[in-house]
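All remarks here apply to the structure that follows.
The values are calculated or read from the model by the stated rules, or taken from the named source; none is laboratory data. No experiment lies behind these values; they were computed from the predicted model shown. When we count neighbours, we look across all protein chains shown, and the Cβ atoms used for this are built from the backbone with ideal geometry, even at glycine.
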Amino acid sequence: MKYVLLTLISAMLLSVSWPTYGVPFFIFFALVPLLMMEHGVSKFSGYKRKNWVVFGLSYLCFVIWNIVTTGWLYGSKNPDGSHSLMAVVFPVLVNSLLYSLVFQCYHWYKNAQGTYWGLAFFIAIWMSFEKFHLGWELTWPWLNLGNAFADYPKLIQWYDTLGATGGSFWILSINILIFYTIRTWEAGRKKKDLIKNSSIAGALIILPMIISVIKYYNFDEKPSGQVNVLMLQPDLDPYAEKYSKDSLTIEQDLLALAEKNSTGKIDYYIAPETALPGRGSISETAFEKSLLLNNVKNFLTQHPRAVFATGISSHQFYLNGADRPKEAYEINPGLWIASYNTAVQLAPGQKVQVYHKGKLVPGVEIFPYINVLKPILGNAMLNLGGTVASLGTDKERIAFSNPYNKGKMAPIICYESIYGEFVTDYVKKGANFLGIMTNDSWWGVTEGHKQLLAYAKLRAIETRREIARAANSGISAHINAKGEVTADTFYGDQTTLFAKVNLYENMTFYSRAGDLLSRFSIFALGFLLFYFLIEWFKKKTKKA
């Protein structure tokens, strides 16, 4: 029961540390009880199968953490209106399993190489896993530790140097140091060591926060310009209206909302993810002839020198034998189609600027590792967005240039806003502000849309770019370059949000270097594994 209790304490501390309902300071020692459980089982218990005990208890911890923090996934529904149990069960069980495997590897390495090497290995493998989790097809970095402080931007201004992954390294290091302090106290009861180690842990917690507050109050970067942005929040029911209303009616309502709130000069209208067309999608070969897109351009003729950025569903046809992407699927003999979650920028007399979403939601927009998993899971994708086929992507980020002013918008689409280094690629392409087009309405009034908004604050700090966030049902928001929400809307309102968005040109260290500590951790992990193999080989040679 002692080890179960330690496991449950870790699960509770991890859960209550999370935005947008928790207090992040618990995260600094949330993993300590779990580390104590592993040490106790390994060194002092009489269990015959200690590996299984450690794995089982760590899995229990991570399952609870995942359920509490991401259980809102249950709010997603099937086309018939019923809740999708699969939408929460699969990510919770699989994500918990991945975290448990990471912890199990630490358990094995620590028992083989000793506590000191084991603790270094723990940081290296956890950081490496978080980096891996940002890139593969089952990507789900929602619970990366550095995200915990998303609602406290004043304390993490140094993320412009090391990013949210630097925050993960910070949190892991302090957890390890606190665990080490407890272990040395239990082993020697030396008050001097206790005071010293506790002081170091306290300093490592407080000093980055002090530096951050100093950076916050001394932020004085001068903008290169300013644009007037009107974010549109149509509050279109994604399960009913979206696919039952006529596309022209949906567009008319959207443009009427924009017209009603167009007081004064507007440089940018930004509409949410897949705001058009409704059911179906728009052919990319006919963008210039599209009635829907030309209606928007006609609207803009009444608002000179304004551009309109919006999310749309689009598709591209390919004939048999043509150079089609791997996501294309055959709809008739010899005729293939690829579907996209797309952002476009429209202006009268200008060619449509196009970007295809590059980070897709597993199980919703992409069937991960389809050749392996589909025979096992069947057609397990959720119908959130009008298709159950994997979408196509753009390999590179772009910035939408504005023909009338200095604005260069990053067309970030929903899920992409979770990815720090990924977002810096927009900045490298010249983006001087971030436009987020999102539809968080699938999960209803839950923590999901609040957490996604909170994570956007991290991107503002990392890149020092202001954000104009247009969400279908909310929360639409203007976020400044210090990660503060300066204006926002209520969830569920049909409304707009006006903001004067500053344009910044300088690139932060993080925008240039990306996840530097993650890459260092991967190198360290390789070294530790190589060191283990060398030691193992030496022992085998001596025995021989």
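Need a quick list: strands (runs of 3 or more DSSP E) entirely within the range 304-355 having at least 2 residues that are among the polar types (S, T, N, Q).
307-319, 335-346
Which of the residues belonging to the range 298-338 are buried (at least 18 other Cβ atoms within 10 Å of the Cβ), over 24 Å from Thr438 (Cβ atoms) and touching a residue at least 40 places away in the same chain (Cβ under 8 Å)? It would help to see each step written out before you state the result.
Of all residues in the range 298-338, those buried (at least 18 other Cβ atoms within 10 Å of the Cβ) come to 299-300, 303, 306-316, 324, 327-328, 336-338.
Filter again for over 24 Å from Thr438 (Cβ atoms), leaving 324, 328, 336-337.
The answer is Ala328, and nothing else.
Show the residue pairs that are 6+ apart or on different chains and have beta-carbon atoms under 6 Å apart, the first residue being within the range 25-43 and free of Cβ contacts under 8 Å to residues at least 40 places away in the same chain and outside the structural domain of Met209 (by TED's automatic domain parsing), the second being part of a loop (DSSP other than H, G, I, E, B) and not polar (S, T, N, Q).
From the range 25-43, no pairs qualify.
Being without any contact (Cβ under 8 Å) to a residue 60 or more places away in the chain and either outside the structural domain of Asp235 (by TED's automatic domain parsing) or in contact with a Leu (Cβ under 7 Å, 6 or more places away or on another chain) (or both) is the filter here, so list the residues in the range 427-457 that pass it.
Asp440
Limited to the range 212-234, what total is found for residues that are among the polar types (S, T, N, Q) and free of Cβ contacts under 8 Å to residues at least 40 places away in the same chain? Steps first, please.
Residues of the range 212-234 that are among the polar types (S, T, N, Q), as a first pass: 212, 218, 224, 226, 228, 233.
From what is left, the residues that are free of Cβ contacts under 8 Å to residues at least 40 places away in the same chain are 218.
Within the range 212-234, residues that are among the polar types (S, T, N, Q) and free of Cβ contacts under 8 Å to residues at least 40 places away in the same chain number 1.
Checking the conditions here, which among Leu458, Leu453 is within 17 Å of Thr70 (Cα to Cα), buried (at least 24 other Cβ atoms within 10 Å of the Cβ) and at pLDDT 95 or above? Quick ask: steps written out before the conclusion?
On the way: Leu458 fails: within 17 Å of Thr70 (Cα to Cα).
Of the residues listed, the single one that is within 17 Å of Thr70 (Cα to Cα), buried (at least 24 other Cβ atoms within 10 Å of the Cβ) and at pLDDT 95 or above is Leu453.
Would you be able to say whether some residue in the range 75-82 is modelled with pLDDT under 90 and in contact with a helix residue (DSSP H, G or I) (Cβ under 6 Å, 6 or more places away or on another chain)?
yes
Which numbered condition trips up Gly135, out of (1) part of a loop (DSSP other than H, G, I, E, B); (2) surrounded by 20 or more Cβ atoms within 10 Å (Cβ to Cβ)?
It is condition (2) that Gly135 fails.
Counting just the residues of the range 20-50 that are of a type in the set (D, E, K, R) and outside any helix (DSSP H, G or I), which one comes out farthest from Val68 (Cα to Cα)? Explain how you work it out, then say what you get.
Just the residues of the range 20-50 that are of a type in the set (D, E, K, R), to begin with: 38, 43, 48-50.
Remaining after also requiring outside any helix (DSSP H, G or I): 48-49.
Values: Lys48: 32, Arg49: 29 Å.
In this case the residue turns out to be Lys48.
Of these, Val94, Val88, Val102, which one is farther than 22 Å from Leu177 by Cβ, in a helix (DSSP H, G or I) and free of Cβ contacts under 8 Å to residues at least 40 places away in the same chain? Explain how you work it out, then say what you get.
On the way: Val94 fails: free of Cβ contacts under 8 Å to residues at least 40 places away in the same chain; Val102 fails: farther than 22 Å from Leu177 by Cβ.
One residue alone meets the criteria, Val88.
Conditions (1) polar (S, T, N, Q); (2) crowded, with 16+ Cβ neighbours inside 10 Å; (3) touching a strand residue (DSSP E or B) at 6+ places or on another chain (Cβ under 7 Å), marked per residue:
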position: Asn480; (1), (2), (3): yes, yes, yes
position: Gln494; (1), (2), (3): yes, no, yes
position: Ala499; (1), (2), (3): no, yes, yes
position: Glu505; (1), (2), (3): no, yes, no
position: Leu516; (1), (2), (3): no, yes, no
position: Leu525; (1), (2), (3): no, yes, no
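Looking at the range 199-218, is at least one residue part of a loop (DSSP other than H, G, I, E, B), over 24 Å from Asn144 (Cα atoms) and modelled with pLDDT of 95 or more? Outline the logic, then answer.
Going residue by residue through the range 199-218, those that are part of a loop (DSSP other than H, G, I, E, B) are 218.
Okay, now just the ones that are also over 24 Å from Asn144 (Cα atoms), so 218.
Now drop any that are not modelled with pLDDT of 95 or more, which leaves 218.
Looking for residues that are part of a loop (DSSP other than H, G, I, E, B), over 24 Å from Asn144 (Cα atoms) and modelled with pLDDT of 95 or more, one finds at least one in the range 199-218, hence yes.
So, in the range 257-297, how many residues would count as being surrounded by 23 or more Cβ atoms within 10 Å (Cβ to Cβ), of a type outside the set (Ser, Thr, Tyr) and assigned to a loop (DSSP other than H, G, I, E, B)?
4
Taking the criterion of being at pLDDT below 95, surrounded by 21 or more Cβ atoms within 10 Å (Cβ to Cβ) and within 18 Å of the chain's Cα centre (by Cα), would at least one residue in the range 465-476 satisfy it?
Yes, because at least one residue in the range 465-476 is at pLDDT below 95, surrounded by 21 or more Cβ atoms within 10 Å (Cβ to Cβ) and within 18 Å of the chain's Cα centre (by Cα).
Looking only at the range 434-450, which residues are crowded, with 24+ Cβ neighbours inside 10 Å and among the β-branched types (Val, Ile, Thr)?
Scanning the range 434-450 gives Ile436, Thr438.
Residue under question is Ala487, and the condition is that it be buried (at least 18 other Cβ atoms within 10 Å of the Cβ) and either modelled with pLDDT of 95 or more or not aliphatic (A, V, I, L, M) (or both); does it hold? Walk me through how you get there before you give the answer.
Numbers: buried (at least 18 other Cβ atoms within 10 Å of the Cβ): no; either modelled with pLDDT of 95 or more or not aliphatic (A, V, I, L, M) (or both): yes.
Here the answer is no, as Ala487 does not meet what is asked.
Tyr510 versus (1) assigned to a helix (DSSP H, G or I); (2) of a type in the set (Phe, Trp, Tyr); (3) surrounded by fewer than 16 Cβ atoms within 10 Å (Cβ to Cβ): which is the lone unmet condition?
Looking at each condition in turn, Tyr510 falls short on (3).
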